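The values are calculated or read from the model by the stated rules, or taken from the named source; none is laboratory data. These numbers come from a predicted model, not from an experiment. Please note: Cβ atoms are built from the backbone with ideal geometry, for glycine as well, and neighbour counts cover all protein chains shown.
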Amino acid sequence: MRKLYVHQLPIRIWHWINAIGCVLLVLTGIQIRYVGLIDVLPFRTAVIYHDWIGAIIVGNFFVWLLSYMFSVRIRVYHPELDPIELFRGCVRQAIYYSYGIFKGAPNPFHLSRTRKFNPLQSLTYQIVMLLLLPIQCFTGILLWDLSRFSRVVDMLGGVRVVDTVHVGIFIIFVFYIPFHAYLGTLGRTPLEHYKAMFTGYEEVPEDQEAEKSA
Amino acid sequence: MNAPKKVLVVDDDPVIRHSFDRVLAGKGYVVISAENGQEALNKVAAEEYDAVFTDIRMPGVDGIEVAEQLRVKRPWTPVVIITGYGSPENQARAAAAGVRGFLHKPLTPESIEKSVEAAVTAPAVADQPAPMPRPEEEPEEPKERSVTVFFKDVAMFLAAPFIGLAYIALFPIIGLLLLIWNGGRALRQRVLPG
């Protein structure tokens, strides 16, 4: 096996802060939303924790954004401009995840320094990192101090609209986070990708089988 | 009229074998396939081939061993290795086996046709295999970008989720069109063989 350095230090730090922060936000968010049903923390304490962790996640998002914007590695987040190619790649990857992996088939995606994400990952991360997370941060900031941002909130249709969007994306994240954690275990060993997110190095076969296409 | 060229494709993956068959059908080639190295050696022993295309990793006799044995038994038969990225060890073994070149995956109809044409027409150049690309040899990313490239990169980055959402909306239509297209092609090949 050969080691390939694909996860830079700022990205690894961002990733783990983001991972822990998002889990804590989900947990405190559940406490805030279902106060009365769940009483692990007092409501005020849950709100204070949620606000502070949210502020860390917003700051952390900008670390991620700037570290990519000022690096050529920004291209790993570029869209595939050929829809048919993307479609084929997504279908191939979905078949692998849903069937091939259980039959011992090789992963159709092969990592390189310039291709860090498989087509499904690429599509998902583009939407999560560049659309859902920024909207969640923005609506979170508005809800953090409603009186200060009342004009913006009114412009967007009122507290109910902003809150619905925030909770809607929260629900998406509740499903996304465990799924992301599960897919992280699908390396050659369950901890391979987790280890790579600490060391920065992914292991690739010396003579890796490439995509079976044509 | 020229006799069709005989190409032996050795790969344990039926998708690869069928790819050659599909691409080269009706273009002056006869494609014969073998599932493993031993079957390939048996076939080469029984008849002449104009070129042999072989995968490296196969159960039993591997692709480089096929090339090594062919170099001894049929030195005039060009052998091309079908590969993704090659390790230095395999590159050295392939060079020693005198392979004609490498056909890199992922395969495309163009790459298959071009490689087969080159293998069956070019004069033998044993001991001079085309260099295998290794991931370490991937071109380094440029450290600096012009302002135009920077803004283009950022624009693509920011547009990515919207393009992604548009694709998700289009996927059912693309899937349906691909199904009709591939079904039509299969039907045409069945109705009008050759």
**Criterion (crowded, with 19+ Cβ neighbours inside 10 Å and in contact with a Phe, Trp or Tyr (Cβ under 8 Å, 6 or more places away or on another chain)) met by exactly one of B:Ser19, B:Ser33** = B:Ser33
**Request:** Determine which member of the set A:Tyr68, A:Tyr49, A:Tyr96 is modelled with pLDDT of 85 or more, buried (at least 16 other Cβ atoms within 10 Å of the Cβ), part of a helix (DSSP H, G or I) and within 10 Å of chain B (Cβ to nearest Cβ).
**Result:** A:Tyr68
**Prompt:** Based on what the data block shows, is A:Ile38 modelled with pLDDT of 95 or more and in contact with a helix residue (DSSP H, G or I) (Cβ under 6 Å, 6 or more places away or on another chain)?
**Reply:** no
